1. What is the number of the single condition among (1) surrounded by 17 or more Cβ atoms within 10 Å (Cβ to Cβ); (2) under 15 Å from residue 155 (Cβ atoms); (3) of a type in the set (A, V, I, L, M, F, W, C) that residue 187 does not meet?
2. Being surrounded by fewer than 21 Cβ atoms within 10 Å (Cβ to Cβ), of a type outside the set (A, V, I, L, M) and assigned to a loop (DSSP other than H, G, I, E, B): is that true of residue 124 here?
3. Restricting attention to the stretch 220-236, does a residue exist that is surrounded by fewer than 16 Cβ atoms within 10 Å (Cβ to Cβ), more than 22 Å from residue 110 (Cα to Cα) and either out of contact with any strand residue (DSSP E or B) (no Cβ under 8 Å at 6 or more places or on another chain) or not basic (Lys, Arg) (or both)?
4. Here are some conditions: (1) modelled with pLDDT of 95 or more; (2) open to solvent by 60 Å² or more (accessible area, probe 1.4 Å); (3) of a type outside the set (Phe, Trp, Tyr). Residue 143 meets all but one. Which one does it not meet?
5. Given the conditions (1) open to solvent by 10 Å² or more (accessible area, probe 1.4 Å); (2) among the aliphatic types (A, V, I, L, M); (3) without any contact (Cβ under 8 Å) to a residue 24 or more places away in the chain, which single one is not true for residue 204?
6. Residue pairs, Cβ under 6 Å, 6 or more apart or interchain, first in the stretch 131-144 and within 13 Å of residue 87 (Cα to Cα), second open to solvent by less than 10 Å² (accessible area, probe 1.4 Å) and of a type in the set (Val, Ile, Thr). List them.
7. Conditions: (1) open to solvent by 60 Å² or more (accessible area, probe 1.4 Å); (2) farther than 13 Å from residue 129 by Cα; (3) not small (Gly, Ala, Ser). Residue 192 meets all but one. Number of the miss?
8. Using the structure shown, decide if residue 60 is more than 21 Å from the chain's Cα centre (by Cα) and farther than 21 Å from residue 16 by Cα.
Amino acid sequence: MAKSKFLVGLIGEGIQESLSPALHEEEAKNHGLNLQYRLIDLVQDGSSVDDLPQLIDSAEAAGFDGLNITYPCKQAVLPLLTELSEDARAIGAVNTMVFRKGGRKGFNTDCSGFAMSFGQKLGDAARRRVVLLGAGGAGAAIAHAAMALGVEQLFIVDRDRERAESLARRVAGNHPGRTVASADGLASVAKRADGLIHATPTGMAAHPGLAFDPSLLRPEMWVVEIVYFPLETELLRAARARGCRTVDGGGMMVCQAVGAFEHFTGIRPDAGRMETHFLRMVARNRA
């Protein structure tokens with residue numbers, strides 16, 4: 001008999017406004033499933049990344065079927081897993097894990113989610129020279145997705161220069177013949193960039209603000225934001241004010257959730273229905 005009850009969750013920092021619980025639970029109802037989605041918020045619980053081993057142990061003991069993993073845990077979770085998907089191993093970050101038969105397998109649906117969303121919203125955009133701001137877990141997934149999308153020159157900027165360099169080396173090793181390099185700052189590489197991808201937590205409800213001076217943006221550039229709560233970030237407002245094409249983080253959020261739902265339940269969800277539900281929730285929150 002197929003399993004019909006699931007307990008899943010999200011581990012991260014400052015995630016109380018996450019729409020993931022409602023998104024997954026509503027899609028589950030449409031498949032006749034009973035799915036509970038709980039938030040394990042490091043801020044609310046007074047925890048830190050150092051507590052991740054105990055938090056995952058507790059979730060496993062409580063009978064969770066799987067977990068989504070978000071900032072700042074996507075790379076810290078790696079040593080706590082017994083198996084990695086091919087994508088997760090190549091990227092070096094996990095955003096979805098499942099508990100199966102005493103094991104813990106990690107997946108990365110951020111990569112496929114970003115590529116799917118980009119193709120839907122900016123499929124016709126120039127992508128010869130692209131700047132990626134942020135080399136953490138989400139940035140790592142997006143760097144690999146950018147290569148799959150045909151980016152010829154990718155420049156990675158991060159406050160931690162060593163982290164940016166390490167990511168650039170990993171990605172370049174998989175894509176000989178194309179340029180993947182770290183850069184000291186945005187100013188030099190943004191001058192001739194076709195587009196910029198923002199993959200830091202700055203702009204999230206728990207980390208408001210801008211990660212860089214928006215005067216570096218040019219009207220002919222496109223700007224992709226991965227933050228989705230709030231959906232309308234300061235960066236997107238500033239980019240549109242300068243005449244840039246923009247894409248918010250909602251598309252990537254929904255597309256990665258599609259992959260996560262299938263890993264959790266073994267059932268392929270209706271991506272269009274999940275997007276419609278997501279947009280309704282955003283509209284209600286804005287009202």
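1. Result: residue 187 passes all but (1).
2. Judged against the criteria, residue 124 is a match.
3. yes
4. With respect to (1) modelled with pLDDT of 95 or more; (2) open to solvent by 60 Å² or more (accessible area, probe 1.4 Å); (3) of a type outside the set (Phe, Trp, Tyr), residue 143 is out only on (2).
5. It is condition (3) that residue 204 fails.
6. Within 6 Å, the pairs are 140/91; 141/91; 142/197; 143/171; 144/91.
7. Exception for residue 192: condition (2).
8. Spelling it out, residue 60 is indeed more than 21 Å from the chain's Cα centre (by Cα) and farther than 21 Å from residue 16 by Cα.
The values are calculated or read from the model by the stated rules, or taken from the named source; none is laboratory data. Everything numeric in this text was worked out from a predicted model, so none of it was measured. Positions of Cβ are generated from backbone atoms using ideal geometry, with glycine treated the same way; all protein chains shown enter the neighbour counts. Keep in mind that these areas ignore ligands, DNA and RNA; they rest on the heavy atoms of the full protein, side chains included. Shrake-Rupley method; radii C 1.70, N 1.55, O 1.52, S 1.80 Å.
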